[in-house]
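Report on the following structure.
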């Protein structure tokens, strides 16, 4: 089954004013829907990062992709691997790049989009769900977590950009408990992740404590300041939240750099605090893992089929981490239903992925969904592998057209949370690491 | 596609009196041909270790295997993983076990047989070669090496057992050059591996030197004494063969134990000798890899789909080693064409496997082949992925019956090279490690 066509649909999806250490989410997140045609008349789809960078990389491979057998993807992988080896200028963690803009994983990102579309097409040809093309699922439903963000109010809340959302402002511990309750009431999540690195660490500590008081120890809690803290601050937070981050919780990317992470770990362990450190910043690529392992800098790796290289690479990561005794969780970016299903199939095929996956899905709405039938359903915080072939979803071309028109009108072609922060919140804002 | 039947064909294949540090090969090597039936009328086959142990493990899983969807193999894998975790008594390297008899990898061995048969059936259902069910081949032909053994003459050469072979006695450097020339003339191999640990290290060093003189630096050379040497002797051999083991050569399992290997490496490196150490003794299971990496005890891992857990596990190993900067080669046991094809598909799907694979295939003959059409062809030392579905071979049931009758008559049900050595060569022989 050979690829005969490659279509890229750039889209823009409304996004609330979410905050992180990277800055502020823009009014519209950009994504790319990838569609391949095959000589058997079967199509395959995927969703990936948006804007000129990711689109350009896919375009640059168009000649190689057209004519490719959907089963024969190793050549493309190896070609990208060679390019990456030639271009790489040493270690480039994601510390200073928003996901999707990190040169380190540009090739695995590009490969992933094509691989996922190929697996979707193969699944449709064989009438098999994507996760069952990979040795068979380890589970039939995948748990996601309530991904809380400190945020401004939507609906013109900052300076007139129309970003409606039902969660309102969330800039205090109390507001975050409200956000969590609201999200859990809607989706049924039973794990919580808080994006930190936004407010003073004492406020973020208090937020976690309030969440614990509200939900009790059966709801694991995680906090992820995206490297906003010094080693000292990270250790202080780890000391302060020993109980709150136990029972399936973790401290994600508290401090910048592999060495920083290792130092945090060492100092916490020296006090008998074994709260695991998770990462999707120090570790974003297979080549980071040996050092992370050697230094014990990271105990839980955040996978993500979008940038680790697709579903099979995701499985390799899962297996790798299982062997090294590292845990596996999953990272997320703003995304729609195609990505949600790719993440679900990926997680279903990964036995060692035992933490609830991140997802930004609650921050998007029915109005911007591009899959036929609308939003993917959650049952008790879980997405079920549907009894349908491939990813299990089809594209709504009217919606694609509408979101494409919106993309065409946007003034930006890449994600830049720092610029957005300067525009809406503080004209002098710079990303400073560590900030506290 | 569900499994409806599981047939196990125990067979015995004539084997020449090959020597290693384990002892002496018995007159007949024992293997098991595995065949699954499915509800779609498609069969899948595999070849694995022989005798009561491996057969018993497969029988013990019969209930779980019958009814299993050939695409849904993860449940079986996880079940074995749980059993292995419960049974494991710490580290059990293969130092004291012949392959196929190591309790450490009993579960991955059993899984491999079923997985390979499933992939064969899936390939037949989809009309795809097995290697293309795994993301696509990295190469379309796989190089094997001339696997030389010190040996007694066959044809009743020792005490009347009828083990005909065309290579005659090989117990001197000159005889081994003759063996190499003969094997290369027949198969076209362009890499050589010598099974050592049999004669005095000085004789084995001289053998490697004679091979180098005969074949020159374009034919990489390896020597594998299976832990027969002390660290001192290993270092001495490494020093003596710096040039001979360069250019794609390696020193395989010179000394027993991970620590021993690490010490050999350290002492050679201290002298500026970076001959890589390969292993299928210190490292036979994923759980060995972290320590091997940490200690720099092993630079090249010998994969083998038969005991690492099948084709997908083989790929995971390949990826793992690629990330860690370790090389990948492939181990072999006595085997027939079904295994040869599984090894070929496995190697074809592994980009980092860049060394010619081991194979015992030249030590078996047409008379004992169980695949339709007879012996698999080599072209310039390589086996091509055939343009046929699955493994690309079918079973010759007449041959299976004949070899099964021979198995029924055999007095032994497990491989025991030590007992064989005592019976034929030296009644007091014991495996001593290190011997030199």
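Listed residues A:93, A:61, A:145; which is buried (at least 17 other Cβ atoms within 10 Å of the Cβ), modelled with pLDDT of 90 or more and either touching a strand residue (DSSP E or B) at 6+ places or on another chain (Cβ under 6 Å) or under 30 Å from residue A:204 (Cα atoms) (or both)? Criteria check complete, one pass: A:145. Taking the numbered list (1) in contact with a strand residue (DSSP E or B) (Cβ under 6 Å, 6 or more places away or on another chain); (2) not assigned by TED's automatic domain parsing to the domain that holds residue A:96 in turn, residue A:403 passes all entries but (2).
Here the condition is being buried (at least 24 other Cβ atoms within 10 Å of the Cβ) and in contact with a strand residue (DSSP E or B) (Cβ under 7 Å, 6 or more places away or on another chain); of A:342, A:346, A:255, it holds for A:342 alone.
Condition check ((1) more than 14 Å from chain B (Cβ to nearest Cβ); (2) more than 25 Å from residue A:375 (Cα to Cα); (3) in contact (Cβ under 8 Å) with a residue 12 or more places away in the chain) across all residues:
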residue: A:116; (1), (2), (3): no, no, yes
residue: A:139; (1), (2), (3): no, no, yes
residue: A:165; (1), (2), (3): yes, no, yes
residue: A:184; (1), (2), (3): yes, no, yes
residue: A:199; (1), (2), (3): yes, yes, yes
residue: A:203; (1), (2), (3): yes, yes, yes
residue: A:208; (1), (2), (3): yes, yes, yes
residue: A:214; (1), (2), (3): yes, yes, yes
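Run down B:367, B:430, B:382, B:406 and say which single residue is modelled with pLDDT of 95 or more and more than 21 Å from residue B:305 (Cβ to Cβ). Step by step, each of B:367, B:430, B:382, B:406 is checked, and only B:430 is modelled with pLDDT of 95 or more and more than 21 Å from residue B:305 (Cβ to Cβ).
Evaluating residue A:9 against the criteria (1) within 23 Å of residue A:405 (Cα to Cα); (2) assigned to a helix (DSSP H, G or I) leaves one unmet condition, (2).
Got at least one residue in segment B:369-392 being touching a helix residue (DSSP H, G or I) at 6+ places or on another chain (Cβ under 8 Å) and within 16 Å of residue B:26 (Cβ to Cβ)? Within segment B:369-392, none of the residues are touching a helix residue (DSSP H, G or I) at 6+ places or on another chain (Cβ under 8 Å) and within 16 Å of residue B:26 (Cβ to Cβ). All conditions in (1) within 23 Å of residue A:334 (Cα to Cα); (2) assigned to a helix (DSSP H, G or I) hold for residue A:212, with the sole exception of (1). Any residue in segment A:216-224 that is within 14 Å of chain B (Cβ to nearest Cβ), crowded, with 18+ Cβ neighbours inside 10 Å and either closer than 23 Å to residue A:189 by Cβ or modelled with pLDDT under 95 (or both)? Within segment A:216-224, not a single residue is within 14 Å of chain B (Cβ to nearest Cβ), crowded, with 18+ Cβ neighbours inside 10 Å and either closer than 23 Å to residue A:189 by Cβ or modelled with pLDDT under 95 (or both).
For segment A:66-80, a residue qualifies if it is under 13 Å from residue A:110 (Cα atoms), in a helix (DSSP H, G or I) and facing chain B (nearest Cβ under 9 Å), and the qualifying residues are A:76, A:77, A:78.
Regarding segment A:3-12, can at least one residue be identified that is within 14 Å of another protein chain (Cβ to nearest Cβ), more than 18 Å from residue A:109 (Cβ to Cβ), at pLDDT 95 or above and in contact with a strand residue (DSSP E or B) (Cβ under 6 Å, 6 or more places away or on another chain)?
Yes, segment A:3-12 has at least one match.
Name the residues in segment A:119-137 that are facing another protein chain (nearest Cβ under 10 Å) and more than 14 Å from residue A:346 (Cβ to Cβ), would you? Across segment A:119-137, the qualifying residues are A:122, A:125, A:126, A:128. Within segment A:361-375, being buried (at least 21 other Cβ atoms within 10 Å of the Cβ) and in a loop (DSSP other than H, G, I, E, B) holds for A:364, A:369, A:370. Considering only residues in segment A:287-333 that are away from chain B (no Cβ under 12 Å), more than 14 Å from residue A:355 (Cβ to Cβ) and under 20 Å from the mean Cα position of the chain (by Cα), the one that is surrounded by the most Cβ atoms within 10 Å (Cβ to Cβ) turns out to be A:305.
Among the residues making up segment B:164-188, a single one is out of contact with any helix residue (DSSP H, G or I) (no Cβ under 8 Å at 6 or more places or on another chain) and at pLDDT below 95: B:164. Regarding residue A:426, is this residue assigned to a loop (DSSP other than H, G, I, E, B) and more than 14 Å from every other protein chain (Cβ to nearest Cβ)? Judged against the criteria, residue A:426 is a match. Here residue B:387 meets the list (1) crowded, with 24+ Cβ neighbours inside 10 Å; (2) assigned to a loop (DSSP other than H, G, I, E, B); (3) within 14 Å of chain A (Cβ to nearest Cβ) almost entirely, failing just condition (1).
The values are calculated or read from the model by the stated rules, or taken from the named source; none is laboratory data. Keep in mind that this is a model prediction, so the values were computed, not measured. Every residue, glycine as well, gets a Cβ built from its backbone with ideal geometry; the counts of neighbours run over all protein chains shown.
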